Every structure is written in structure tokens, then in C-alpha cells.
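Report on the following structure.
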Amino acid sequence: MSSFKIPVPGCILVPRDAYKFWPDNNYICSGSGKKSIRHIFEFQVLSDFENEKLSRLEGEIKDQNLDGLKIPATWSRNHLLRFCYGTGWKTRNAAKALQLHLKWREEKIPNGYEELYPKIKHLLNSGVFYIAGRDSMFRPIIIMNFSKIDFKTNTIDEYTDMLIFLLDYVIDHMLLPGQIENWVVLIDLGKKGLGNLSVNSLKQVLTILQMNYRCRLGMNYIVNPPKSIWMLWSCIKPFLDDVTIEKIKIANSSNSLELLSTTNPYMIEEKYGGRAPNILNYWPPSIPDLSYAIPGQVIRLSTKDSYNQFHPTTTMTNRCESKERSPSPQMKIMNKINSLDVSLDHSEVSIEDLENDDYGRSDLENQDDVLIEFEDSAPFNRNGEKSPEKLKNGIKPLDELLLRSGKKVINESAEFFKEDNILVSFSPSNKENFKKINEDFCTPKKKSGPPPIGIIIEKDDRFGRCSKIACCENVSSNCSIY
């Protein structure tokens, strides 16, 4: 294990929303029999054909004993299926491929990929291999800029070690078993070909990828190809399987329209056709704290949430310390609720409001600041003291909060939306009524319980009925609070 501290920025960790993202069945596995193509392996129900082939592989492993090599305890049974897919369903070839992989891992990184860090740390800022963002399926985007390879100062072994470190780093911190198990690769050839990268060196790189990271590639986009790209492609194809070949798309320019069609442009650097600033410092990796959705589209999120499955409350403290993660949104929310000197029965901020994507998302800048900001935006404090100034100015902190969380805010009509639920809604003409509120404004007391900590107007017509909000002087059935 390396004595160096390997940085793990919070921005690269699996986004909170990703735990509610479940790929389509067609993406998980398509086709049947030997023509099956599978992207997601963990926690999946396998077909009869897959189970039969996997049982045969297990029998072959038992007979050969893998020359004493041990399968990692962290591997699931489904993980072995990757070797069946990668070898065309030939059981003996799958067993041999598994044995070669275990031997390679024992020789190259017996104590984990972290031990490579001291050897390749100086190369991580070279811009040859680096992490750039995520696509709309939350898959990490890895840039491979072969035009920056310099064999005058570094060897092919050093570059392959860097690639091994980076890919294992991505598996360890950026993937989500059962939901996000693949990455997207963008290869930049710089219109110069591979320079002095010989065919043997190229074969060494591709062999490592093919044998040791099976079924991890989601898509591979190649940009800035040289004129000799097709001759180069004829040299590469023999080292690739048919499924991988289908995933490679070559664009005769500096950007890939196919990549742009599946990724928010702010996740792609300007030099590749996106809107994100070109990266100058490649390590530690940094991903923009923005929406991953394609403009004009919404990422479908399920009510099924796997977060607690991967972050049990009993181990949360240790995980935070070891990986510098923030406590889960649920824990922070409950701490906030417990700290409020109010009853949930009389509070306009329900647990559902606090747990939703606006107040509980982990990809916001600072959840503590967000919750405090929301509380500060209320026209009444915890003691029930009025604040007309906040009523006059509107709810600006909430506006900013929605913008940061990627929610749509329509300023022209001063309407704030959270999915299908209206938080606040009033027309521009009625908005002037807020300006008429003065220090004499008062709100009736509740019959029991502490006073509310804020006002939420939901489908309320009192502005049309009373220009001075007279309904607040007499309890109104039209007031959503009373």
C-alpha cells in the first residue's frame, strides 16, 4: 500500500441522484444466447444460458485450481461472467483468461492499485489520461490524449501503469455496482497519429484493457484522427473483440456529435465541442458541479433508492473518515429537524420537503448552508417574529437554491417549480401586493402549538380576493396555512 495520500475529491464521487438512476433493461442486457450483450452484471438475475455457462466455468476453475491463484473475496459470482462474455462463451478460454488476469494482478498490483501512485504521480498532470466528467447515464468520461505521449522522457510501462491506476481508481470511487458499471472513453489522436507509439506498444496497451477490464467500456469516441486513420484502424482491430469494435465511433473532427448527444455540454471541454473550460490541471480530478442532464431533457430517477444499501448508517462515520465523504443527506436532514424547536405537525416544512431533491441532494455546494439559507428566507423565524422585509424582497435564496440544483425557474411570471408541486405562485400584478405589507402586518395565532416558521402559498387565491391580504386578519379557508 502506498504511503502517499491519494486525493479523492468529493465532486468525483457517485452523485446522490445516481443512486435513484436505474438503466433500461435493454442497456443492462440485450440479445440472447451467444449474441447477448451485457453492460450491468452485479445484482442481476441471469438468463438460463448465462447460468449454464457460468456453472461450466466454475467447474473448470475447480478442476484446474487456477495454479493456486485465489479469486478475490470481493468478487461476486456474476463478476466471473465477464470472462465468459469476453472470450466468446468458450469455457476453457474463459478459465485461462481468468487465470492470466489473476496472475497479472498478483504481479502488477498485489496490494492494490494504490501502490502504483508513487511511481506515476508525476504523470497524472501530463494530460495523457485523465477524468473529465460524466454523461447523462452518470458514466465517468475518461480522456486519452495519445498525442501528448512522450517516450523521450517516459516509458510505455510508466504510461500503462498510470492507465491501470486511473481505471482502478474510477472503479473504486466512481462506479455503482448494479447501476453504473461502465465508462466512456474519448481518444484524442491530435491529427498526428500515434507518433512513435509502435504497434507492439499499442498491442500492450490494448491487451491490458481487453484482458483486465472486461465489459467496462460503454462507448469509445475517437476525435482528431490522422489521414492514415483507416490504416491505423486495420492494425488495431485484430486485438479487439466484435462487441468492442461496435462501441468505437470515429469522428473526422475535434468533437464527436454522438458524445455531445448523450452528455451535458458543460461536462465536455471546449476543445472537444463542449462548453466546459479546457482543463489545465488534470490531477486531482475535478467534475463540474452541474446537472448531468442533456439540455431540454430530464434524467429519469426512480423512487427506488440504493443509497442506504451502499452507505449503511452504522458504517457511515468510518466511510466519511476514510474517504472524506460528507454524511448522508438523510442524516443531515434528521439532525436539522431534531435541532428545530418546533413541532412537525405545525411546520410548513415537512420531512418530505427536506428529503426531496432540492434540499437533500448531495451534489449541492454545501447542504448545511442550503438548509440555513432556506430557513433564513422564511418571513417568520422560529419564535414567530415577522420579517416584512423578506416578504417585500421575495424568496431570493430559494431562487438561487433552485438554480444551483438544476431546477427550472421562470422569472418572468415569478413562478417556482419543483417537479410537479407548486412551491410559490403569484402573478406579476399580485406580486405588487407584497410591497404594500408594512410593519403593521400581523398573522393570527394558532390555537395550539408553536407558530409557523414560514409561509408557503400553494394554489391560493387570496391575492385576488384581498389586496392587503386581509384573509390573514381573519382565518380563511383559502389560506393553505390555516
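Some points to look at:
- Check on Arg77, charged (D, E, K, R) and touching a residue at least 24 places away in the same chain (Cβ under 8 Å): no
- Test: residue in segment 4-11 that is over 27 Å from the mean Cα position of the chain (by Cα) and either at pLDDT below 95 or hydrophobic (A, V, I, L, M, F, W, C) (or both): no
- The set of residues from segment 8-46 being of a type outside the set (D, E, K, R), over 24 Å from Val298 (Cβ atoms) and in a loop (DSSP other than H, G, I, E, B) comprises Val8, Pro9, Gly31, Ser32, Ser36, Phe41, Phe43, Gln44, Val45, Leu46.
- Members of segment 238-284 found to be over 24 Å from the mean Cα position of the chain (by Cα) and surrounded by 13 or more Cβ atoms within 10 Å (Cβ to Cβ), listed by number: Phe239, Leu240, Asp241, Val243, Ile250, Ala251, Ser254
- Residue satisfying all of: in segment 159-189; modelled with pLDDT under 95 and of a type outside the set (A, V, I, L, M, F, W, C); farthest from Arg82 (Cα to Cα) among these: Asp188
- On inspection, Thr74 passes the criterion of being within 22 Å of Leu13 (Cβ to Cβ), at pLDDT below 95 and of a type in the set (S, T, N, Q).
- Filtered by the rule that a residue be touching a residue at least 60 places away in the same chain (Cβ under 8 Å) and not aromatic (Phe, Trp, Tyr), segment 80-93 gives Arg82, Gly86, Gly88.
The values are calculated or read from the model by the stated rules, or taken from the named source; none is laboratory data. Everything quoted here is computed from the prediction, not taken from an experiment. Every residue, glycine as well, gets a Cβ built from its backbone with ideal geometry; the counts of neighbours run over all protein chains shown.
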